[in-house]
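Colleague: The following block contains the structure, expressed as C-alpha cells.
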Amino acid sequence: LAMVVLMTGGMAQAAETVVGVDANFMPFEFKVDGKLTGFDVELFEAIAKEIGLDFKWQTMDFNGIIPGLQSKSIDAAIAGITIKSEREEVVDFSHPYYDSGLIILVAADNNDIKVLEDLKGKRVATKLATTSEDYLKKNVDTKELKLLPNTDNLFMELMSGGVDAVFFDSPPLLYFAQNQGKGKVKTVGPLYQGQPYGIAFPEGSPLREKVNVALLKFMEDGTYDKLYEKWFGTSPK
Ligand code: ARG
C-alpha cells in the first residue's frame with residue numbers, strides 16, 4: 001500500500017520541462033566529453049536559473065525540433081534556430097538573440113567557387129530541414145543537393161570529396177575552418193540571408209514571456225555580453 005501511495009504522489013507532480021537542442025552546432029551547442037556546452041547551452045541555463053525553471057535537455061537532430069514543438073513533446077528549443085515566417089506560423093519565438101548568416105565552405109585549394117552563383121551545376125551539401133536547404137532550392141540550380149542530418153557529416157562529405165561545397169550557417173563553418181579544418185577548408189563569398197536566431201516554443205506557451213523578460217534583462221545587465229565574448233571572442237555589435 002505504501003508503494004501505491006508513493007507512486008500516485010509521483011504521478012501527480014507536474015512533468016519536468018524538456019528543452020530540445022541539437023548538440024552538433026559549434027560554438028552554440030556541442031558536447032565535450034559527453035557534456036553539453038556552448039553559447040546557446042549556457043544562455044539557456046542562465047535564463048532558467050534567473051526564472052527558477054527546472055528543466056532537462058533533450059538532444060535531437062535539428063529536423064526533429066520544429067515537429068517536436070508542434071506536438072509538444074518538447075517545451076522549448078534553443079539550437080541556432082532562425083526566426084522565419086513559415087516557422088512563426090507553427091511555433092512561437094523569443095526575441096532574437098543572435099544575428100547570423102549563411103556562407104559557403106570549400107576545400108582550401110578550390111579556386112572556382114567564390115560566390116553563390118558558382119554553386120550552379122555543383123554538388124553541394126547542407127543540413128536537412130534548415131534555412132539553407134530552402135535558400136539553395138530557391139536560388140541555385142545545383143547538380144546534386146545532399147541533405148544531411150548532422151553538421152559533422154557536412155564536413156566529412158566536403159573533405160572526402162563527396163561534394164564541392166557546403167552551404168550553411170556561418171558560425172559552425174567559420175569555427176570548423178579555424179579549428180579542425182584549418183588548412184584544409186576555407187569559407188568564401190559574402191554572408192547570404194540574415195539569420196536572426198530565437199528560442200522556440202509551442203504556440204501559446206506561457207514560458208515564452210518569462211524567457212523574454214530574462215533575455216532582455218541579460219542584454220542590458222552585461223550577462224549576455226559576457227557570454228558572447230566567451231564564445232565568440234569579440235563583443236556584440
Ligand atoms: N539556422 C538554421 C536554421 O534555423 C540552422 C540551424 C541548425 N542548428 C543546429 N543546432 N543544427 O535552419
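Colleague: Pop out the ³J(HN,Hα) list for the stretch 215-220 in order, Karplus 6.51 cos²θ - 1.76 cosθ + 1.60 with θ = phi - 60°, rounded to Hz; leave Gly and Pro as x.
Modeller: 4, 5, 4, 5, 6, 8
Colleague: To continue, here is another question. Which ³J(HN,Hα) values in Hz, rounded to whole numbers, follow from the phi angles of the stretch 227-236 under the Karplus curve 6.51 cos²θ - 1.76 cosθ + 1.60, where θ = phi - 60° and Gly and Pro get x?
Modeller: 5, 4, 4, 4, 9, 10, x, 9, 8, x
Colleague: Where the convex hull is taken over the Cα atoms of the stretch 49-196, what is its projected area averaged over directions, in nm²?
Modeller: The directionally averaged projection comes out at 9.7 nm².
Colleague: Per residue, what accessible area does the chain have, given a 1.4 Å probe and all protein chains present, in Å²?
Modeller: Accessible surface, normalised per residue, equals 50 Å².
Colleague: Another question about this same structure. Which FRET efficiency value, to the nearest 0.05, do you get for residue 209 and residue 55 by plugging their Cβ-Cβ distance into 1/(1 + (r/R0)^6) with R0 = 22 Å?
Modeller: E(calc), rounded to 0.05, equals 0.85.
Colleague: Leaving out ligands, DNA and RNA, what percent of the accessible area of the chain is carbon and sulfur, probe 1.4 Å?
Modeller: Carbon plus sulfur share of accessible area: 52 percent.
Colleague: Follow-up question, since we're still on this one. Let me have the relative contact order for the stretch 66-213, percent, based on Cα pairs under 8 Å that are six or more residues apart.
Modeller: 43 percent
Colleague: Another question, then. Pop out the ³J(HN,Hα) list for the stretch 83-90 in order, Karplus 6.51 cos²θ - 1.76 cosθ + 1.60 with θ = phi - 60°, rounded to Hz; leave Gly and Pro as x.
Modeller: Once rounded to whole Hz, the list reads 6, 9, 4, 4, 6, 5, 6, 10.
Colleague: Rounded to the nearest 500, what is the 222 nm mean residue ellipticity of the chain from helices alone, with -39500 (n - 2.57) per DSSP H run of 4+ residues and division by all residues?
Modeller: Helices in the chain give a 222 nm mean residue ellipticity of -10500 deg cm²/dmol.
Colleague: State the extension gain, in nm to one decimal, for the chain segment bounded by residue 156 and residue 99, taking 0.36 nm per residue of separation less the distance between their alpha-carbons.
Modeller: Stretched fully, the residue 156-residue 99 segment lengthens by 17.9 nm.
The values are calculated or read from the model by the stated rules, or taken from the named source; none is laboratory data. Given the structure is predicted, the values throughout are model-derived calculations rather than measurements. Positions of Cβ are generated from backbone atoms using ideal geometry, with glycine treated the same way; all protein chains shown enter the neighbour counts. All accessible areas refer to the heavy atoms of the entire protein, side chains included, with ligands and DNA or RNA removed. Shrake-Rupley method; radii C 1.70, N 1.55, O 1.52, S 1.80 Å.
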